[in-house]
1. I'd like the full set of residues that are part of a helix (DSSP H, G or I) and over 16 Å from the mean Cα position of the chain (by Cα), limited to segment 69-86.
2. Could you list, in sequence order, all residues of segment 160-170 that are buried (at least 20 other Cβ atoms within 10 Å of the Cβ) and either aliphatic (A, V, I, L, M) or assigned to a loop (DSSP other than H, G, I, E, B) (or both)?
3. Does residue 71 satisfy the criteria of being crowded, with 22+ Cβ neighbours inside 10 Å and at pLDDT 95 or above?
4. Report yes if some residue within segment 140-153 is on the phi > 0 side of the Ramachandran plot and touching a residue at least 24 places away in the same chain (Cβ under 8 Å); otherwise report no.
Amino acid sequence: MRRMFRRQIRRTLAQDVPPVLQEAIFVFDKGEYGRAAELFERIAEAASGRGGRRAPLFHLQAGRARLFAGQTALGLPSLKRGLELLAQRGQFRRLHQAGMRVIAELNERGLKKEAAELETWLKTVLSSAPSFDLPGPSPKRPVLPTNCPACGATLRLDEIEWLDDATAECAYCGSPVLAES
């Protein structure tokens, strides 16, 4: 009952998207990864400081931006922090999904040593985690737009949360996103 109430509120209240988040998403999409990393780091620290539920995602995005900017040494701590927050919060399914994506991106960039270290850490954390089901074939869902209409972020199926059969929540700004008809 409580969960349905929260979903109803989230569905009816479109969120005001902070300008710094809009800018971070915009410059990331434009390929200005260094600037995007700075903005996502600022957002991540603010979200972490208040225990925000999107803090892990912002740390991961800051790390990805640093990697894309060629700043591996600056990006790895953010990536690890985002994954650690997911583990601390017991979000093991999301940890697995995000960890596998980060490992794949590190391998694609030729960072095999870093990918192997992260893979070892991920296996250790997940092996000591309570049992959870790995994502299997997902149920047939309606088609979402490629970007959030509120903040412009790319919508990734492994990051969104479905509120009902036709509405998903943007992982970045929390706005409801209606399926395309």
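The values are calculated or read from the model by the stated rules, or taken from the named source; none is laboratory data. As the structure is a prediction and not an experimental result, all values here were calculated from the model. Quick reminder, even Gly has a Cβ in these numbers, built from the backbone with ideal geometry, and neighbours come from all protein chains shown.
1. 72, 73, 74 - these are the residues of segment 69-86 that are part of a helix (DSSP H, G or I) and over 16 Å from the mean Cα position of the chain (by Cα).
2. 168, 170
3. no
4. Yes, segment 140-153 contains a residue that is on the phi > 0 side of the Ramachandran plot and touching a residue at least 24 places away in the same chain (Cβ under 8 Å).
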